[in-house]
Amino acid sequence: MKKPHFIKQSLKTVPILFLALNISLFVSCDKSESDQTVISTAITTAETPAASNSGLTAKTPSTFGDIGNGVNLQPSYYNGGNCDLGWNLMKQNTKIKTVRIEVEPGQETNAKRWISEAKANGFTVIVSYHKSSVLGSDNITELNAAATWWKNNYSYLGGNFIINLTNEWGSHNITPSAFASAYNAAITEVRKVYSGTIIIDIPGWGQETATAACAVKGCSTGQTKINDTKIILSAHIYPGAYNQAKGRYVNISDIDDLASSGRPCMIGEFGNSGGSGADWSSIVDYARNKGWTVLGWAWNGDGGSMNMITPQFQSFVNGSPKTYNKGSYFNIVYDKL
């Protein structure tokens, strides 16, 4: 039952070098610490909306206002991260309100520009720490490393965006208590520089809805729960999405299960490739109709077929934006937004 996640993760990881690394590791799918002045500034800016979503209804709420539907970008693995992100074409497609940008550690300088451009173009911005070699890991050291990275880099990256603490930490096997305990420690670290909504990818590559719900509400006596209430739980939905706790592929009932946590929820990624067994399209439609924000994978930066635009990310040249075109996959995502 692991194969669907193996396929999905291989497609989603970008360069060939990273594909080889992920296959071996997953078996499945000079920034100093901020001083008090910077902390104060970061916490203040965290509460200021980066872009207006006026007119949107029934979307996942955050401290930045309701989060509109949108797309994911993964530029870290192309042109050394010096990528032209295709903003001119994106702005022409007005159902895209939000961008989720995944940042590999070491790409902070490029990421600062990506984030600044996204804000300047009027998008709500979510930024996710994305260490490709440890996705699906239960290693608490890796989650703490993500939290420390945010403490050291949130202000440097410009602040005033929503933090997705890390991409897809936690395996299918992690318990609700272990997931909650690890996130409590990581969130405490991030809260030193950021007071806004934190997005948490649910475990099992974004598929273990029951585990995540229990990590929040508690499903056994004395169980550790996630203490922070300013969080959003984020599921990732692909054809191979498998709910190990339920012993089956993900279905629409899992959306209600995650909602039972009592916290806002969203679909942080969705796409049409990577295994089979889950009706990804119906699940995304159901979540969107419940008022959840949905973010398609991917505007660009996928290592397989799930790129909305062509060609692959081109090199950035200041003042000379590159030309992109819609690919055959474009409407598969866009029609869901």
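The values are calculated or read from the model by the stated rules, or taken from the named source; none is laboratory data. Just so it is clear, the model here is predicted, and its values are computed rather than measured. As a convention, Cβ positions derive from the backbone with ideal geometry for all residues, glycine included, and neighbour counts pool all protein chains shown. The accessibility values were calculated without ligands, DNA or RNA, using every heavy atom of the protein model including side chains. Shrake-Rupley method; radii C 1.70, N 1.55, O 1.52, S 1.80 Å.
Please sort 72-79, 110-117 by packing, taking for each peptide the average over its residues of neighbouring beta carbons within 10 angstrom, highest first.
72-79, 110-117
Which whole-number percent gives the relative contact order of region 227-292, counting Cα pairs below 8 Å spaced six or more residues apart?
44 percent
Can you pull the one-decimal nm distance between simple spin-label points at Thr141 and Ser320, each 7 Å off the Cα toward Cβ?
4.5 nm
Accessible area per residue of region 94-228 at 1.4 Å probe, in Å²?
Dividing the accessible area of region 94-228 by its residue count gives 28 Å².
Using Cα positions and a limit of under 18 Å, work out the aspartates and glutamates in reach of Lys290, with same-chain residues fewer than 8 apart set aside.
Asp66, Asp254, Asp256, Asp257, Glu269, Asp279, Asp335
Take the cross-link list Lys192/Lys225; Lys59/Lys97; Lys119/Lys230; Lys131/Lys336 and give me the ones stretching past 18 Å between alpha-carbons.
With Cα atoms farther than 18 Å apart: Lys192/Lys225; Lys119/Lys230; Lys131/Lys336.
So how do 290-299, 275-284, 191-200 stack up, highest first, on mean other-Cβ count within 10 Å?
290-299, 191-200, 275-284
Compute the distance from the alpha-carbon center of region 141-162 to that of region 89-119, in whole Å.
Here the answer is 16 Å between Cα centres.
Quickly rank 221-229, 81-89, 244-252, 155-163 as a protection proxy: mean count of other C-beta atoms within 10 Å, highest first.
Those peptides, ordered most packed to least, come out 155-163, 81-89, 244-252, 221-229.
Work out from phi, with θ = phi - 60° and the Karplus expression 6.51 cos²θ - 1.76 cosθ + 1.60, the ³J(HN,Hα) of each residue of region 164-171, listed in order in whole Hz, and give x for Gly and Pro.
Karplus-based 3J(HN,Hα) across region 164-171 equals 9, 3, 7, 7, 6, 8, x, 8 Hz.
How much length, in nm to one decimal, is gained on full extension between Ser220 and Asn331, taken as 0.36 nm per residue of separation minus their Cα-Cα distance?
Separation in residues times 0.36 nm, less the Cα-Cα distance, equals 35.6 nm.
Run down the aspartates and glutamates and flag those whose C-alpha is under 19 Å from the C-alpha of Lys322, throwing out any fewer than 8 positions away in its chain.
Counting by Cα, and skipping residues close in sequence, Lys322 has these aspartates and glutamates nearby: Asp84, Glu117, Asp302.
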